[in-house]
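Structure record follows, encoded as structure tokens.
The values are calculated or read from the model by the stated rules, or taken from the named source; none is laboratory data. Computed from a predicted model, the values in this text were never measured in an experiment. Methodologically, a virtual Cβ is constructed for each residue, glycine included, from the backbone with ideal geometry; neighbour enumeration extends over all protein chains shown.
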Amino acid sequence: MTRLRMVSIVLAATLALAGCSSSGGDGGSSDAVGGSGGTLVVGVTSDPDTLFPWKATQFQAVNVLGLLYGTLTELDKDLATKPSIAEKWEYSDDAKTLTLHLRKDVTFADGSALTSEDVKYSLETIKDEKTAAVAAASLAAVDTVEASDPQTVVLHLGAPDAGLVASLASVNLAILKKGSTEAELTTKANGTGPFTLGARTPNQSMTLEANEKYYGGAPKLDSVEFRVIPDETSVVAALQSGDVQMATLDDPLVAKTAGGGNITIAKTPQLSYHALQLKASTPPLDDVNVRLAIQCAIDRQQVIDTAAAGEGQVTGPITSPLYKSDPQARPCPTRDVAKAKDYLAKSKHPNGVHLKTIVSQGEYATSVNEAQNLKSQLAEAGITLDLEVMEIGSFVDKWVAADFHAAVALNGGRPDPDTMYGRYFTSKGNLNKVAGYHSATLDQLFAKGKATTDEAARKPIYADISKELEDQAVWIWLFTGNTYTAMTKGVSGFTPMPTGSLQYLRDASVK
Amino acid sequence: MTALRRVRTHPLVRRVAEAVATLLGVAVCVFLMLRVIPGDQITATYGTEAAALTPAQREALRSYYGIDRPLAVQFLGWLGELGTGNLGFARRTGQSVASMTAHALPVTLELAVLSTLLGLALGVPLAMWSASRPGALRDIVGQGIGLAALALPSFLLGSVLLAVVSRYAGYNPNARRYAPLFDDPGLNLQQMLFPTLVLGFALTAPIMRTARSALLEIEGQDFVRTARGKGVSPGRIRVRHVLRAALVPIVTMTGIQFGYLLGGAVVVEQIFSLPGLGRQVLTGLLQKEYAVVQSSVLVVALGFVVVNLATDLLYRAIDPRVRES
Amino acid sequence: MTEASTTVLGAEPAPLGGGGPPPRRARGILRALLANRSGAVGAVLTGVVVLAALASYAGLTPFDPVAQHAADRLQGPGGTYWLGTDQFGRDTFSRAVAGAAGSLQVAVVAVAISAVVGSAAGVLAGWFGSAVRAPVLAVTNILFAFPPLLLALALASMFTRSWFTIAIAIAVVYVPIFVRVARGPVLSLRETEFVRAAVVVGMPTWRVLLREVLPNLLPVLIVQVTLSLSWAVLTEASLSFLGLGTPPPAASLGSMVLDARVLVTIAWWTMAAPGVVIVLLVVGLNLLGDGLRDVLDPRRAVR
């Protein structure tokens, strides 16, 4: 075989393989400008990892699916619950029956109208364990679902659940057409959201087309393209060259350097919180004095400054705006090493403790720097963090198995405090093993909060929960970071949300 | 010698048998390695939410992902599917790995071919220039360039190039959606421009160094001295006689580097958003897409083995002395 | 795959024909090395970086590489901070030097392990018959067929992240080279007169290998070690760049480049510092390898 022949073979192979190179209408120029709205190109670092709303946990998947699929309720920019597919609802007097009245003008992408049958199917299938739906536990209080007439759904609850209506806003509880399966929806999306799924090249780009028949009013944009640029720095380069008009940036440093010129950065405090989780069920952390020693030895602002270059706000347990915890309401709101040493001396381990601490690397920008700073601060009080840095797969394995004394974690927040912490800090909560703490006091308070539907009455209950969590130093809550939404000039009408949701793309337009 | 024994001991047959055994070994290794790495499809899909799954949900998922079967069964199942041309499916998108690979392979091939050509176009003339007067200034400069190309990491060069050009010139073809070669050759070649520059420059080093050593070694040999003694012009000698004789090591080195590029220049693909094979494997590894990683690595290994086989044969064809060893 | 494919990852083809003059004494070698141009430059460059790295181990850097000086973030070179500061206010020079130490540490351990394991396997495969040769070559071929960076990635992901597990991952990738490099000469050495004589006389095998074969292998191995060191530095940097290398805050040249990507247009020194160190180290090691090759194996010297 001569060299010439080898080269010809390689060329022929390339030609043959390149022949099948295009897929579904993605060839040609990427920026289609036509109609009043135009196309907005959003730079993202990865593709959604699933197109099935009931299993979506990845940030990107949740955001994209939130634009394709509708839910019974939704959150506004202040995270208050508002009507969506359900235009109004009411509880019975004993709070054990929730009646939802559905809109008449909701249609699926395939044209069929949404009725109570679809809602019943969705809620029941989510509850079914075989579906392995992420939000199955949110419907734990629901005993039966009744579709009394095409526009009305009645939920019969085993016990009152005040957080239920807010949790219905999650895309994990999206309403799918009766009979939909994961396999179908993975290849052909069929939702009620403001956008429908257009062309898609997996791991490269995904185009959403405006849904003219959307019940909230057709979006101003013609389409939105989510373009995968795997590297956040390359996303910034794309913003600067104007090829991408919007992006959500995680890393505060990247956000800092991206601003300027024709790029504006909108900073939104996140609902998710950075914390040093402690496992109070295992010695030495079963001793509250040890935990309080840890709490008193940490200057949270220093953690923010060293790990996140100052970009963050000190926080208490509850981060949702309506129920926000007061970060000063804790035994040690500021660092007091002397007091920490006191607590430690009073404990069963006066000579100091070693804590096996797991830290993930590569999942979010600040994890390892936070861990390092915490380690050096705690060392001064005689508390040693034995850090185990690992990639996310190992970290998740250990976290799920609760195989740690402490964990440096970034956990997601929810608008409703019951949905946020009920599963962690009640004795029957499905994440209690990981949380490592429960008490009769907390069980009572959570039950009370769940049963109280009146907003004003709920606030003091959750303030009490927050105080109890801090007084017992159950975990060390550190700070909330920011989401940075970068937009080029010409993008208007978009409001970033603390949850990171992109739902207001339906109001956005681009020149 | 009987016909059967001739077939059995024929070097080509032996090489092919070796290649098949190697590929099988790669298959076993990649299969096992993926299962040793912590995390599985469930934790990859659910993340920390996996802690909230009930045992019944877990069972349903294990059976859905097929991980409730014993490892050996899973392995043989995969091999069996490979035999029928079914490379498996990506869990997240439902896409077949065969189709994913068929789209990623041309990207990597194109990048490999272009970079190799650039490396040759820069490396060989540089080597000839350098070798024409060994030890002189031009040799030092030539070798210096070769060394710089070797030492400068491709990720550094690539990052700087991308950042500077997009910021100051507003030029960033890689931020547009990737354009396959036959859909939009103009955009495609622009998107290949910087990656090729970066990789081609990196390739210049080994090619240049091999070529230079080979050229110098040959220049000292008898047949060259004879030609010079006969009065053939130095230029003609250099190109027609020396270079041709030096082709063997140059081609061998080029073949090997090309084979490595087939593995995908992962870092360059990452920085310039090229949807090639290297990125497919890296992303698959991070997302615990077992089918994707297993089958893609096997395809890459196949490519590498084929290229090596081809270079071996080339080597033998060009240099009869090697045939006997 | 033939001997020629050892040229992958910086290995050079083994000399044809076996044996050679017995190795010269160490002092003689050093003098010859410094007289050789590549060797001298290489030794100086490598020496400078190694000394700086050792200084960082002894804590002799101008500033503590991990200490943050919040008020002095992103300052340019010159002044208190010789090469400026990064986004956390850490001294770039100290970090670059500490990074060199970190990268060298991983590279040295990785190459040491792969050289010992690989050469031992290669010698045994070359000396003994097909019973040993076949499995060794099979494993070598398999490792060769894996794309190197991906192999290192997969291996690094299997364990808790630490500089040592990264070194092991890189070592596994480099073992095949040493197997190849060691095996070739052994095959021809086996047939030389003095080795045959030793066997005939009844010298035990281990003695023959140790006293007759190994000293003749050393030149090739030493050259390969220096070349592999340079490649190991680059591989470690690439892994760190992909976020899968030595975990912070341990400074590593690759992760410095990773952090600097964001800053390159506003703080060029954060990219230049690790880049220059990498170039110095890799160029130095390569030149040193060239020089060593010229000195230890003059038949292959190309001057």
Failed condition for A:M420, given (1) outside any strand (DSSP E or B); (2) of a type outside the set (G, A, S); (3) over 17 Å from A:E470 (Cα atoms); (4) more than 8 Å from every other protein chain (Cβ to nearest Cβ), with all others met? (3)
Within the range B:277-296, can one find any residue that is crowded, with 24+ Cβ neighbours inside 10 Å and at pLDDT below 75? no
Mind listing whichever residues of the range A:384-406 are closer than 26 Å to C:L153 by Cα and either more than 9 Å from chain B (Cβ to nearest Cβ) or among the aromatic types (F, W, Y) (or both)? A:D386, A:L387, A:E388, A:V389, A:F395, A:W399, A:D403, A:F404
Specify which of the listed residues (C:L137, C:L155) is facing another protein chain (nearest Cβ under 10 Å), assigned to a helix (DSSP H, G or I), under 21 Å from the mean Cα position of the chain (by Cα) and on the phi < 0 side of the Ramachandran plot. C:L155
Does A:L253 satisfy the criteria of being surrounded by 24 or more Cβ atoms within 10 Å (Cβ to Cβ), touching a helix residue (DSSP H, G or I) at 6+ places or on another chain (Cβ under 9 Å) and hydrophobic (A, V, I, L, M, F, W, C)? no
Please verify whether the range A:58-71 includes one or more residues that are under 29 Å from A:T125 (Cα atoms), hydrophobic (A, V, I, L, M, F, W, C), in a loop (DSSP other than H, G, I, E, B) and modelled with pLDDT of 65 or more. no
Show the residue pairs meeting these rules: Cβ distance below 6 Å; 6+ apart or different chains; first residue within the range B:291-317 and within 8 Å of chain C (Cβ to nearest Cβ); second residue not in a helix (DSSP H, G or I). B:V300/B:G263; B:V300/C:P147; B:N308/C:M1; B:D312/C:T2
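Scan B:G220, B:G229 and give me the residue that is away from every other protein chain (no Cβ under 12 Å) and more than 19 Å from B:V251 (Cβ to Cβ). Steps first, please.
Details: B:G220 fails: away from every other protein chain (no Cβ under 12 Å).
After applying the criteria, what remains is B:G229.
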Could you list, in sequence order, all residues of the range B:152-168 that are surrounded by 23 or more Cβ atoms within 10 Å (Cβ to Cβ), at the interface with chain C (Cβ under 7 Å from one of its Cβ atoms) and either assigned to a helix (DSSP H, G or I) or touching a Phe, Trp or Tyr at 6+ places or on another chain (Cβ under 6 Å) (or both)? B:F155, B:L156, B:S159, B:A163
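Let's see how each residue does on (1) modelled with pLDDT of 90 or more; (2) part of a loop (DSSP other than H, G, I, E, B); (3) within 8 Å of chain B (Cβ to nearest Cβ):
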{"residue": "A:V7", "(1), (2), (3)": "no, no, no"}
{"residue": "A:S21", "(1), (2), (3)": "no, yes, yes"}
{"residue": "A:G25", "(1), (2), (3)": "no, yes, no"}
{"residue": "A:V33", "(1), (2), (3)": "no, yes, no"}
{"residue": "A:T50", "(1), (2), (3)": "no, yes, yes"}
{"residue": "A:A95", "(1), (2), (3)": "no, yes, no"}
{"residue": "A:K104", "(1), (2), (3)": "yes, yes, no"}
{"residue": "A:E117", "(1), (2), (3)": "yes, no, no"}
Step by step: first the residues of the range A:397-417, then only those that are within 20 Å of the chain's Cα centre (by Cα) and assigned to a helix (DSSP H, G or I), then the one that is surrounded by the fewest Cβ atoms within 10 Å (Cβ to Cβ). Which residue is that? A:D397
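Return the residue satisfying two criteria in turn: it lies in the range C:71-104 and is part of a helix (DSSP H, G or I) and at pLDDT below 90, and of such residues it is farthest from C:A53 (Cα to Cα). Steps first, answer last, please.
Step one: filter the range C:71-104 for residues part of a helix (DSSP H, G or I), giving C:71-72, C:92-104.
Retained after the next criterion (residues that are at pLDDT below 90): C:71-72.
Working: C:A71: 27, C:D72: 25 Å.
Among them, the one singled out is C:A71.
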Let me confirm something: among C:G245, C:G254, C:G284, which residue is within 14 Å of chain B (Cβ to nearest Cβ), part of a loop (DSSP other than H, G, I, E, B), within 23 Å of the chain's Cα centre (by Cα) and surrounded by 23 or more Cβ atoms within 10 Å (Cβ to Cβ)? C:G245
Working carefully through the options A:G43, A:G70, find the one that is under 27 Å from the mean Cα position of the chain (by Cα), closer than 14 Å to A:G191 by Cα and not basic (K, R). A:G70
Picking from A:T319, A:T334, which residue would you name as being closer than 25 Å to A:M497 by Cβ, assigned to a loop (DSSP other than H, G, I, E, B), away from every other protein chain (no Cβ under 14 Å) and of a type in the set (S, T, N, Q)? A:T319
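More than 28 Å from A:D416 (Cβ to Cβ), in contact with a helix residue (DSSP H, G or I) (Cβ under 7 Å, 6 or more places away or on another chain) and not hydroxyl-bearing (S, T, Y), is that true of A:A238?
yes
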Matching option when the condition is touching a Lys or Arg at 6+ places or on another chain (Cβ under 6 Å) and among the polar types (S, T, N, Q), among A:S439, A:S509: A:S509
Do we have any residue at all in the range A:368-383 that's away from chain B (no Cβ under 14 Å), farther than 15 Å from A:I298 by Cβ and at pLDDT below 95? yes
Condition met for A:D110 (at pLDDT below 90, away from chain B (no Cβ under 14 Å) and either part of a loop (DSSP other than H, G, I, E, B) or in contact with a strand residue (DSSP E or B) (Cβ under 9 Å, 6 or more places away or on another chain) (or both)): no
Mind telling me which of the residues C:A32, C:A52 ends up being in a helix (DSSP H, G or I) and either among the aromatic types (F, W, Y) or at pLDDT 90 or above (or both)? C:A52
Looking at A:K130, A:K88, which is the one that is within 14 Å of chain B (Cβ to nearest Cβ), surrounded by fewer than 20 Cβ atoms within 10 Å (Cβ to Cβ) and either of a type outside the set (V, I, T) or assigned to a loop (DSSP other than H, G, I, E, B) (or both)? A:K130
Every residue in the range B:85-99 that is more than 8 Å from chain A (Cβ to nearest Cβ) and in contact with a helix residue (DSSP H, G or I) (Cβ under 8 Å, 6 or more places away or on another chain), please. B:G85, B:N86, B:L87, B:G88, B:F89, B:R91, B:V97, B:A98
Does the range A:380-387 include one or more residues that are closer than 22 Å to C:T246 by Cβ, without any contact (Cβ under 8 Å) to a residue 40 or more places away in the chain and buried (at least 23 other Cβ atoms within 10 Å of the Cβ)? yes
Within the range B:80-111, tally of residues that are surrounded by 13 or more Cβ atoms within 10 Å (Cβ to Cβ), of a type outside the set (V, I, T) and outside any loop (DSSP other than H, G, I, E, B): 15
Count, please, the residues in the range B:121-151 that happen to be within 22 Å of the chain's Cα centre (by Cα), touching a residue at least 60 places away in the same chain (Cβ under 8 Å), crowded, with 21+ Cβ neighbours inside 10 Å and more than 10 Å from chain C (Cβ to nearest Cβ). 2
For residues that are touching a residue at least 60 places away in the same chain (Cβ under 8 Å) and either at the interface with chain A (Cβ under 7 Å from one of its Cβ atoms) or assigned to a helix (DSSP H, G or I) (or both), scanning just the range B:38-54, find the one that is surrounded by the fewest Cβ atoms within 10 Å (Cβ to Cβ). B:Q41
